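*Asks:* One structure is given below, represented as structure tokens, and several questions about it will come after.
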Amino acid sequence: MAAQQLSAEQAIAEVKDGDTIMVGGFGLVGAPLSLIDALVEQSTATDLTIISNNVGEPGRGLGLLLRQGRIRKSIASFFTSNPEAVEAASSGALEYELIPQGTLAEAIRAGGAGIRGFYTPVGAGTDLAAGREQREIDGVLCVLQPPITADVALIYATWGDQLGNLRYRRTAQNFNPAMASAATLTIAEVAELCEPGGIEPESIHTPHLYVNRIVPSTLRLADVPGAGT
Amino acid sequence: MTDARDVIAARAAQELRAGEVVNLGIGIPNRIPGFLDPTVEVFLHTENGLLGVGPRPQPDELDLELIDAGKKPVTLTAGAALFDSAASFAMIRGGHIDTVVLGALQISETGDIANWMVPGGKALGVGGAMDLVVGAKRVIVTMTALTPDGEPKLIPACTFPLTAVGVVKVVITEHAVFRFIDRELVLTELLDGATEAVVAAETSAQYRVALA
């Protein structure tokens, strides 16, 4: 089915208390800034589990949602870029799960691809394997990682068409394609929206069957104070 | 040269071979491109999704959507390729990265590495460090010999949380090059006029000496 074209506020209207939400981006690059802004300003949903490589930065991106106290749990590979998140996690105010970046990406990919888990040598024998099944495979100690899925994925692509086909730019790709595939409701924010056929079929990174809603960007990376510094 | 970090980066640059795919961590490894022999072409990979990392941009080249894993702006080399995080880490985990050069807090005499967490510290994040040291064919550690408090970093066994077990191949400090040969730590080279006594005083790990 073709993606619905909505405003950011309309697109996130059904996000509810207790939802698990994936958010694309590596830092602020590739993050769906308009959708995050709508979630912060227009939604009251709380008790959220957020899956994202970082928890934004202090007072920017997902860092705003954290300040509102609406994140119950965060699953990420790197909290350090937001000292407020580190402090919340250390004090117990924020539940967290720390996962190696590649394991996080692959678990999301697996979630979207119907893979029910995988064994990886990354993290085996370390504190991050605590509480997880470990076994030797061909003489190499590995740790079992279950797939990661979500109720909602908020993603960003520079180019999109009205069906929901997406094409990413530069290093703004990062977690977006995997997350697009791994949620019940995928909402894609796009900087440039075109008619179907406007993106060369070979150049489409995310085919439209993964995308439920498409939202024209209203907030760009260049608008964020301090971006690029 | 007086800056210890430049001594380390310059020596690490000599370890890289033409044609290799190399991932450079933040800190000292980021200085390596400045010391590379221009005739040695390596392909720099960054785990956020780029093979073919070029120099930092001039102001008129700045692209906010083109960054490295340290979230700093970069440029693309001719022939650069861009991909998503899952693909990038498949390259890493799948053994397609020849060499990773990264910093460390502690290295054990059996090649264990601890580089993601100081207990009680203000950092909470592992990023791609565990993936890189497990997946890369060759792990080179660049670090000053001592902590800011004057404690050795090359020690019998790591006391900080581990990043990975037994993966380190080369350790370069401002005074020495160590290699793990048949799982044994070996001092192979003295740097910047250092003596064996200097190296011994700042190393608590057991090692064999086999200077070239």
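The values are calculated or read from the model by the stated rules, or taken from the named source; none is laboratory data. Because the structure is predicted, anything quoted here is derived from the model rather than measured. Virtual Cβ from ideal backbone geometry, glycine too; neighbours counted across all protein chains shown.
*Asks:* Could you run through the range B:116-145 and say how many residues are within 17 Å of B:ASN30 (Cα to Cα) and more than 11 Å from chain A (Cβ to nearest Cβ)?
*Replies:* 6
*Asks:* Continuing with this model, one more query. Can you say whether B:MET130 is closer than 26 Å to B:THR203 by Cα, touching a strand residue (DSSP E or B) at 6+ places or on another chain (Cβ under 9 Å) and crowded, with 16+ Cβ neighbours inside 10 Å, as far as the supplied structure shows? Steps first, please.
*Replies:* Values: closer than 26 Å to B:THR203 by Cα: yes; touching a strand residue (DSSP E or B) at 6+ places or on another chain (Cβ under 9 Å): yes; crowded, with 16+ Cβ neighbours inside 10 Å: yes.
It is true that B:MET130 is closer than 26 Å to B:THR203 by Cα, touching a strand residue (DSSP E or B) at 6+ places or on another chain (Cβ under 9 Å) and crowded, with 16+ Cβ neighbours inside 10 Å.
*Asks:* Let me ask something else about it. Please go through the range A:84-109 and give me each residue that is under 17 Å from B:SER85 (Cα atoms) and within 9 Å of another protein chain (Cβ to nearest Cβ), ordered by number.
*Replies:* Keep residues of the range A:84-109 that are under 17 Å from B:SER85 (Cα atoms), which gives A:98-109.
Of everything in the range A:84-109, those that are under 17 Å from B:SER85 (Cα atoms) and within 9 Å of another protein chain (Cβ to nearest Cβ) turn out to be A:LEU98, A:ILE99, A:PRO100, A:GLN101, A:GLY102, A:THR103, A:LEU104, A:ALA105, A:GLU106, A:ILE108, A:ARG109.
*Asks:* Looking at (1) surrounded by 18 or more Cβ atoms within 10 Å (Cβ to Cβ); (2) within 14 Å of another protein chain (Cβ to nearest Cβ); (3) not basic (Lys, Arg), which one does B:LEU187 not meet, given that it meets all the others?
*Replies:* Here B:LEU187 clears every test but (2).
*Asks:* Go through the residues of the range A:126-133 one by one and say whether even a single one is surrounded by fewer than 22 Cβ atoms within 10 Å (Cβ to Cβ), modelled with pLDDT of 95 or more, closer than 22 Å to B:PHE83 by Cα and within 14 Å of another protein chain (Cβ to nearest Cβ).
*Replies:* Among the residues of the range A:126-133, not one is surrounded by fewer than 22 Cβ atoms within 10 Å (Cβ to Cβ), modelled with pLDDT of 95 or more, closer than 22 Å to B:PHE83 by Cα and within 14 Å of another protein chain (Cβ to nearest Cβ), which makes the answer no.
*Asks:* Could you list, in sequence order, all residues of the range A:171-203 that are in contact with a Leu (Cβ under 7 Å, 6 or more places away or on another chain), in a loop (DSSP other than H, G, I, E, B) and under 20 Å from A:GLN4 (Cα atoms)?
*Replies:* The one that is in contact with a Leu (Cβ under 7 Å, 6 or more places away or on another chain), in a loop (DSSP other than H, G, I, E, B) and under 20 Å from A:GLN4 (Cα atoms): A:PRO196.
*Asks:* Name every residue in the range B:11-56 that is of a type in the set (A, V, I, L, M) and touching a residue at least 60 places away in the same chain (Cβ under 8 Å), in order of residue number. Outline the logic, then answer.
*Replies:* From the range B:11-56, those of a type in the set (A, V, I, L, M) are B:12-13, B:16, B:18, B:21-22, B:24, B:26, B:28, B:32, B:36, B:40, B:42, B:44, B:50-51, B:53; that's our starting set.
Listed by number, the residues that qualify are B:ALA12, B:LEU16, B:VAL21, B:VAL22, B:LEU24, B:ILE26, B:ILE28, B:ILE32.
*Asks:* Identify the residue in the range A:110-121 that is over 15 Å from the mean Cα position of the chain (by Cα) and under 22 Å from B:GLY135 (Cα atoms) and, among all such residues, is farthest from the other protein chains (Cβ to nearest Cβ).
*Replies:* The residue in question is A:GLY117.
*Asks:* Moving on to the next point. Testing B:SER88 on (1) surrounded by 24 or more Cβ atoms within 10 Å (Cβ to Cβ); (2) over 26 Å from A:GLY24 (Cβ atoms); (3) facing chain A (nearest Cβ under 10 Å), one condition comes back false. Which one is that?
*Replies:* B:SER88 satisfies every listed condition except (2).
*Asks:* Restricting to the range B:1-29, name every residue that is within 10 Å of the chain's Cα centre (by Cα) and either surrounded by fewer than 19 Cβ atoms within 10 Å (Cβ to Cβ) or charged (D, E, K, R) (or both).
*Replies:* Scanning the range B:1-29 gives B:ILE26, B:GLY27.
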